[in-house]
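In what follows, a single structure is set out as structure tokens and then discussed.
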Amino acid sequence: QVQLVESGGGLVQAGGSLRLSCAASGRTFSYYAMGWFRQAPGKEREFVAAIDWIGRGTYYADSVKGRFTISRDNAKNTLYLQMNSLKPEDTAVYYCAASGGPRYTREADFGSWGQGTQVTVSS
């Protein structure tokens, strides 16, 4: 199983940017499709973005499309989420996750999860 550690969260003003990173270890990173999810206080965890094994296929939630970009560097075993034009409603704990199967757009498709990193967007 792959181990995942997120970093890069913090406090930012609305309209600002952050880049999250997710460092993977334990298994071959390129074997996994990867995703970002988030959970706001009092809400269920929701899908944000996903990327296939080699980084050619990407998928986004409608709420972040055009503002967030998911990418990966298989040589560095690292997943990224570039977040621009941040809004207060983007405030949440952000989780990276790994999928070893053929599907990677639903929470149930992901078997390995990081501990999360807090992103807070002030208005």
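Structure values in brief
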read-out	value
Solvent-accessible heavy-atom area per residue, rounded to whole Å², over the chain at 1.4 Å	51
Net charge over other residues, Cβ less than 15 angstrom from the Cβ of V93 (K, R count +1; D, E count -1)	-3
Extent along principal axes [Cα atoms of the chain; Å; largest to smallest]	40, 27, 25
Aspartates and glutamates whose Cα lies under 16 Å from that of K65, excluding same-chain neighbours fewer than 8 positions away	E46, E89, D90
Carbon + sulfur, % of accessible area of the chain - ligands and nucleic acids excluded, 1.4 Å	46
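The values are calculated or read from the model by the stated rules, or taken from the named source; none is laboratory data. Here the structure is a predicted model, which means the values were calculated and not measured. Glycine also receives a Cβ, built like all others from the backbone with ideal geometry; neighbour counts cover every protein chain displayed. With ligands, DNA and RNA removed, areas are computed over all heavy atoms of the protein, side chains included. Shrake-Rupley method; radii C 1.70, N 1.55, O 1.52, S 1.80 Å.
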